1. Return the total of residues in segment A:460-475 being buried (at least 20 other Cβ atoms within 10 Å of the Cβ) and in contact with a Lys or Arg (Cβ under 8 Å, 6 or more places away or on another chain).
2. Select, from A:Gly112, A:Gly140, A:Gly118, the only residue that is over 16 Å from A:Phe187 (Cβ atoms), within 14 Å of chain B (Cβ to nearest Cβ), part of a loop (DSSP other than H, G, I, E, B) and not aliphatic (A, V, I, L, M).
3. Looking at (1) within 14 Å of chain A (Cβ to nearest Cβ); (2) among the β-branched types (Val, Ile, Thr); (3) surrounded by fewer than 21 Cβ atoms within 10 Å (Cβ to Cβ); (4) over 29 Å from B:Leu2 (Cβ atoms), which is the only condition B:Ile285 fails?
4. For segment A:392-441, which positions are more than 17 Å from B:Asn38 (Cβ to Cβ), among the aromatic types (Phe, Trp, Tyr) and out of contact with any helix residue (DSSP H, G or I) (no Cβ under 6 Å at 6 or more places or on another chain)?
5. Condition (residue is touching a strand residue (DSSP E or B) at 6+ places or on another chain (Cβ under 7 Å), within 14 Å of chain B (Cβ to nearest Cβ) and not acidic (Asp, Glu)) applied to segment A:174-182: is it met by at least one residue?
6. Could you please find all residues in segment A:399-428 being more than 21 Å from B:Gln267 (Cβ to Cβ), part of a helix (DSSP H, G or I) and not hydrophobic (A, V, I, L, M, F, W, C)?
7. In the list B:Gly257, B:Gly245, which residue meets the criterion of being at pLDDT 85 or above, touching a Phe, Trp or Tyr at 6+ places or on another chain (Cβ under 9 Å), within 30 Å of B:Ala168 (Cβ to Cβ) and not in a helix (DSSP H, G or I)?
8. So which of A:Phe478, A:Phe448 ends up being in a loop (DSSP other than H, G, I, E, B) and under 30 Å from A:Asp337 (Cβ atoms)?
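The values are calculated or read from the model by the stated rules, or taken from the named source; none is laboratory data. In this text, all values refer to a predicted model and were calculated from it rather than measured experimentally. So basically every Cβ, Gly included, is an ideal-geometry build from the backbone, and we count neighbours across all protein chains shown.
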Amino acid sequence: MTQRRSGLSLISLLVILAMLVSACSGQPGNQGGTPADQADPNGELISNTGSEPDTIDPQKESFVNEVAQTMMVFEGLMKLDAKTLKPIPAAAGKEPEISADGLKYTFTLRDGVKYSDGKAVTAKDFAYGWTRLCDPVTHGAYAFTGYIIVGCETWNNMDPKKDTPAALKAAGEKLGIKVLSEKQIEFTLTEPAPYFLSIAATWVGVPTRQDMVEKGGDRWTEPATFIGNGPFKMTEWKHNEKFVFDKNENYREPVKLKRWTKVMINESAVSFAAYRNNELDFGPANAELLRTIEADPDLKSQVVDVPGSCSIYYGFNTTRAPFTDAKVRLAFAKSFDRDAYIKDVQKIGKPALSFIPPGRPGHDEGDSEQKFDVAAAKALLASSSFAGKPELNTIKLTYRSSATAKTRVEWVQQQWKTNLGLELALDPVDGTTFSQLVKSPATTPQFFSLGWCEDYPDPQNWLTTVFHSTSTVTRTGFKNAEFDKLTREADKEKDPTKRAQLYQQSSRILSKEAPVAFNYWNASKYLQKPWVKGVTTSSLDFEIGIFKMNEIYVTKKG
Amino acid sequence: MLKYTIRRLLLLIPTLFFVALIVFVLAKSAPGSPFDLNENRPLPQSTIDRLNEVYGFNKPIHEQFALYLGNAVRFDFGSSLVRNRPVADIVAAQLPVSAQLGVQALLLALAISLPLGVISALKQNSGVDYGSLLLATIGTTIPGFVIAIVFIYIFAVNLKVVPIVGWATPKHMILPTVILALGPAAFLTRITRSSMLEAIRQDYVRTARAKGLGEQVVVVTHIMKNAMIPVATVVGPATAGLITGSFIIEGIFSIPGIGREFILSIQKRDYPVIMGVYLLYAFIIAVANLTVDLVYGMLDPRIKVAK
């Protein structure tokens, strides 16, 4: 037993060892030449999906490696364009009709859309998926994305045990989802929400099959009943070992791969070895492995860069001294060198001076409120209400413990010591404890490391969702009337230019009031074998190339 | 013998009760809950309250424990709170894999350590003895995951003779079995050697030689049989440890065993799985210990278990 426990902390040594052993190998890869750039009709791709997902139920899941499986098998009314990340019609044949007041969205399904077992997809199937999302019995982690639909929030917040079945039924019937015909479905929203199309492109509203859920019960996510309308069908799920997805012949577009197998390897050092052993077609290229990869010309040429969709920050609990004073917060934000951090520690990613990452709607390039400036930071601290007070010397930085996280927070700890002369205590806690702590400002630690990854590319999902004072995910306790007003106005604004302006104003307030010190925008790299072609990656990929999976193919492996 | 066995089996009940009690209290007192897994998308408090009620987590802890025990004695171990699978299913699917790997490793470990330990003792301070000492030192001091990564590098990445990922074919099983066997093999070699050396110096061995028995008979029936008692003592718990899986080896080779559940269930505060796997572990340990005690009686008639 002791071996099991100590192993956890030692496992990072694995990575180091893997680096050492592979660094001294210098073995040339023997991929040979790819004969032709032609798709192998029997092509099989093998990738690593990390650990076993807890659930792949579209209306319950919330983690990347869960969504990565669901979206192989299902497709929503809309999908995101792999290049622009704008919502485009998927199972819907064309853009929906939107009523003049912006409240009613009517989608018409594409002709001939089928499930992998041949059954036609109807408007009723979509209505079932969306209704299931709002149903309080489902307890979905992402139910809140449906709250924009009339009646969803009220129904979802009812208690299936305490409330009478009649009351529940009545609430369910008030839901703003109507099946107009076999092919038409209408949604009524609580307020105009241009981002609804992006929500319709996520996994929450995919056409889960009622007959399959009823047949499979709790285990409907097993291959026999996990039937969808996406590019692949799940033919095997060996728990804790692998998924096998085969091409769905009934998909609305031709799928070039015959099979996509996803194994579950937790250790990046091992998946790296497996990639070099040609057991995997996609391999890891994280910061710890980069030096090894860059020393080998073959491997180096197989690295693919992917921009990220997350913004990582140090958060302040604005209800706890000394972070009740915005000057103290801004002083912290301006006194660590993000460029050096990326270069020396993080290796992959971009230093962040505002919340929304570059290349997506709402990014504010000119924002320099939190720019690294030691003199200004010192001045801010000196003029703050806590200057010289003991509260500044008892600050504790809480973080989700891991070997890599430790070196990272130690680095910034040193920065604040050098630049502000403040000694911070470090407070590592385990993951689940951390998640529980940051749930609300009442329990949120004084100072903590966290990040936000977008669900859909719209500033609403960044600014309003995270920092509006009524948000369910706020943990900084940040309350700013002006910010609240601007974001709520922007959410409803139909004129895109005006909407962008409102968001930019609110974004500036955020940087200046500094409920968080922006740290970096993430990015990632991975390795791809030369025989894998047709991959279009995007910053929102739950799975490599997920928005154009049907185009991926492999050529004959030399 | 039968009476003794029955009495020991009955003693299992209080043992498992206390294990259950301790694990239950510890698991519940860890901060956080299975509904706190995603800090970026926390469930609304109303949903958590509802979930707590569904699973009875809002009741006092002694009531929860009574409820759990009540179900457990009827062999209903509940369902995982984070995965839609009954605990019994998880164990039924994953324990056989770990058990197979564990038994293979144990047999390999015994096949290496017993002959090596016996020969080292009989030829004390010879080349074989020093060789086994070296092997044993390496096996006990270098952790399995280090050996694993070195073996992966040599046999998979460089020589490309074995695959790394999964548990599909016998070829996949070679590396994990060998690596898992190394630790116990080293340990058992040392135990076998030292208890052999102790037995060799006993009076009854001198007596046996004095009455003119052949060397082979002396070694097998007088020395080895007695030397096996300490070995049996450690093989019991080692077996229990091996068949319930190894978090590290299963993690490295992506083997769908039960070993990883010991860690992951705790990380996710998946109470039913925590209880299930630790009770299973306690049960297997207890059975292994009982078996060892029964084997004592066979090895050494002076130890009377039949009282």
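1. The qualifying residues number 3.
2. Details: A:Gly112 fails: within 14 Å of chain B (Cβ to nearest Cβ); A:Gly118 fails: within 14 Å of chain B (Cβ to nearest Cβ).
Only one candidate qualifies: A:Gly140.
3. Unmet condition: (4).
4. Residue satisfying the conditions is A:Trp416 alone.
5. No, every residue in segment A:174-182 fails to be touching a strand residue (DSSP E or B) at 6+ places or on another chain (Cβ under 7 Å), within 14 Å of chain B (Cβ to nearest Cβ) and not acidic (Asp, Glu).
6. A:Thr407, A:Glu410, A:Gln413, A:Gln414, A:Gln415, A:Lys417, A:Thr418, A:Asn419
7. Numbers: B:Gly245 fails: at pLDDT 85 or above.
Step by step, each of B:Gly257, B:Gly245 is checked, and only B:Gly257 is at pLDDT 85 or above, touching a Phe, Trp or Tyr at 6+ places or on another chain (Cβ under 9 Å), within 30 Å of B:Ala168 (Cβ to Cβ) and not in a helix (DSSP H, G or I).
8. Numbers: A:Phe448 fails: in a loop (DSSP other than H, G, I, E, B).
Selected residue: A:Phe478, the only one of A:Phe478, A:Phe448 that is in a loop (DSSP other than H, G, I, E, B) and under 30 Å from A:Asp337 (Cβ atoms).
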